[in-house]
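Right, one structure below, let's go through it.
The values are calculated or read from the model by the stated rules, or taken from the named source; none is laboratory data. Keep in mind that what you see is a predicted model, and the values were worked out from it rather than measured. FYI the Cβ positions are ideal-geometry reconstructions off the backbone, even for glycines, and counts take in every protein chain you see. Protein only, heavy atoms only, side chains kept; ligands, DNA and RNA dropped before computing areas. Shrake-Rupley method; radii C 1.70, N 1.55, O 1.52, S 1.80 Å.
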Amino acid sequence: MTHLDVIVLGGGAMGSAAAWELARRGRDVALLERFAPGHKHGASHGASRNFNVAYAEPAHVALLVEAERRWRELEAETGARLLDQVGIVNHGDHPELDDVHDALEAAGIPSAFLPPEEAARRWPGLRFETRVLFTPTAGRLDADASVRALQQASAERGADVRHETPVRGIRVVDDDLVEVETDSETLTARRVVVTAGAWASKLLGGLVPLPPLVVTQEQPAHFAVLDTSFEWPGFNHRPGPGDDWWYSGVYGMLTPGEGVKAGWHGVGPVVDPDARDYRPEPVQFEALRRYAREWLPGADSERAVAISCTYTTTPDSVFLLDAVGPVVVGAGFSGHGFKFTPAIGRVLADLVDGRPSPDVFHLARFAAR
């Protein structure tokens with residue numbers, strides 16, 4: 001029987017970040033991932049994610065500041081290029097933008113309001129009808145490369161990174177001993193970190209009083225680029241009073257070599273992660289084409305390649321980062337967690353070491369309801 005200090009279950013972005021931080025602290029850590037490297041079954045694959053800094057809540061803003069620094073540390077350690085700071089434009093019916101601007105200014109993150117006419121001149125591939133909050137140090141992350149870099153850095157610092165190692169059960173023996181059963185052996189550890197994405201409820205049922213975690217199959221798409229005369233920023237666009245055909249706000253960014261990515265946020269069909277069809281829901285997909293046709297003049301709405309990923313969403317769309325006995329949980333990233341990845345790895349490592357996470361991420365907030 002193999003005994004370790006920490007076992008991390010789930011080798012997507014968050015688990016890989018936790019393993020990297022724990023290995024940097026000299027912990028004896030194993031990272032167990034159910035699928036092969038580069039798989040497309042969860043929420044951490046693909047070539048692009050927005051590094052959107054438009055948050056007003058203090059704990060999130062603090063994590064953003066930390067995450068930018070840690071992304072650069074990871075790039076320096078591995079030689080990978082992960083974060084392109086091409087900026088992001090936030091526009092539409094967004095009543096909180098003034099609060100966001102004030103919070104970013106207080107944190108030293110640059111942002112500026114632009115009238116729609118100026119935004120249209122700078123970024124002619126997008127259409128604007130309202131003022132725009134431009135955040136120049138925001139941008140996009142290469143998701144696939146980020147997970148590879150985190151696992152590379154973890155292994156180089158001594159972590160045991162294992163793919164194609166499904167976990168069949170977790171048993172808490174006492175406050176400092178957990179057993180993890182795989183197909184080939186039972187491992188033991190002082191702490192276990194569970195970052196299993198859409199499978200969190202399946203792995204943690206009965207061990208941790210989780211809130212309802214809703215797993216949806218999201219269906220963004222890459223639209224062929226028509227206008228390459230400017231550098232595409234990322235974008236977040238909120239619907240206005242006349243946009244009753246929208247399913248949600250829209251997010252997007254240029255994915256180099258693949259097109260302009262755009263998607264509805266958190267409104268895909270509810271699924272069992274072990275029984276997905278990976279096919280776009282046709283009505284939502286056609287509405288997304290309509291969005292591209294009306295709001296992305298620099299992209300071709302008729303040339304679209306659908307993508308499939310999962311969201312795992314908490315009741316308040318805020319992450320769950322907490323510990324119950326020897327079990328540390330990172331779950332419910334609700335479709336907006338990737339940008340924070342290396343900072344969340346630090347929070348999870350702190351929980352392993354007995355230091356609390358910020359109150360806003362605690363399990364207790366659900367019990368209070």
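In this structure, does Arg34 turn out to be modelled with pLDDT of 95 or more and touching a Pro at 6+ places or on another chain (Cβ under 8 Å)?
On the way: modelled with pLDDT of 95 or more: yes; touching a Pro at 6+ places or on another chain (Cβ under 8 Å): yes.
Taking the combined requirement at face value, the residue satisfies it.
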Output the number of the condition that Gly92 fails; it satisfies all remaining conditions of (1) surrounded by 16 or more Cβ atoms within 10 Å (Cβ to Cβ); (2) within 28 Å of Asp350 (Cβ to Cβ).
(2)
Against the definition (out of contact with any His (no Cβ under 8 Å at 6 or more places or on another chain) and of a type in the set (Lys, Arg)), how does Arg131 come out, yes or no?
no
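Can you name every one of the strands (runs of 3 or more DSSP E) wholly within segment 296-362 that holds 2 or more residues which are open to solvent by 30 Å² or more (accessible area, probe 1.4 Å)?
299-306, 320-324
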Any residue at all in segment 33-43 that's buried (at least 23 other Cβ atoms within 10 Å of the Cβ) and closer than 27 Å to Pro233 by Cβ?
yes
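Do we have any residue at all in segment 208-223 that's of a type in the set (S, T, N, Q) and either out of contact with any Pro (no Cβ under 8 Å at 6 or more places or on another chain) or at positive phi (or both)? Reasoning before the result, please.
Quick first cut of segment 208-223, residues of a type in the set (S, T, N, Q) only: 216-217, 219.
Applying the additional criterion that residues be either out of contact with any Pro (no Cβ under 8 Å at 6 or more places or on another chain) or at positive phi (or both) yields none.
No: zero hits.
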Within segment 95-140, can you find the residues that are in contact (Cβ under 8 Å) with a residue 40 or more places away in the chain and within 19 Å of Ala299 (Cβ to Cβ)?
Arg122, Trp123, Pro124, Gly125, Leu126, Arg127, Glu129, Val132, Gly139, Arg140
What are the residues in segment 133-188 that are crowded, with 18+ Cβ neighbours inside 10 Å and of a type in the set (Gly, Ala, Ser), if any?
Ala138, Gly139, Ala143, Ser146, Ala149, Ala153, Ser154, Ala159
Being at pLDDT 95 or above, aliphatic (A, V, I, L, M) and either open to solvent by less than 30 Å² (accessible area, probe 1.4 Å) or in contact with a Leu (Cβ under 9 Å, 6 or more places away or on another chain) (or both): is that true of Leu254 here?
no
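Only residues that are open to solvent by 30 Å² or more (accessible area, probe 1.4 Å) and farther than 14 Å from Phe319 by Cα: list them for segment 189-200, please. Reasoning before the result, please.
Restricting attention to segment 189-200, the residues satisfying the condition of being open to solvent by 30 Å² or more (accessible area, probe 1.4 Å) are 190-191, 197, 199.
Within segment 189-200, Arg190, Arg191, Trp199 qualify.
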Has segment 262-279 got at least one residue that is open to solvent by 10 Å² or more (accessible area, probe 1.4 Å), part of a strand (DSSP E or B) and farther than 23 Å from Pro116 by Cβ?
yes
Segment 324-368: number of residues that are within 20 Å of the chain's Cα centre (by Cα), more than 26 Å from Ser248 (Cα to Cα) and among the small types (Gly, Ala, Ser):
4
The lone exception for Ser248 - which of (1) without any contact (Cβ under 8 Å) to a residue 24 or more places away in the chain; (2) open to solvent by 50 Å² or more (accessible area, probe 1.4 Å) it fails
(2)
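Residues of segment 82-108 being among the small types (Gly, Ala, Ser) and under 20 Å from the mean Cα position of the chain (by Cα), which ones? It would help to see each step written out before you state the result.
Here is the first cut: in segment 82-108, the ones among the small types (Gly, Ala, Ser) are 87, 92, 103, 106-108.
Matches in segment 82-108: Gly87 only.
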Can Val215 be described as crowded, with 20+ Cβ neighbours inside 10 Å and within 26 Å of Tyr278 (Cα to Cα)?
yes
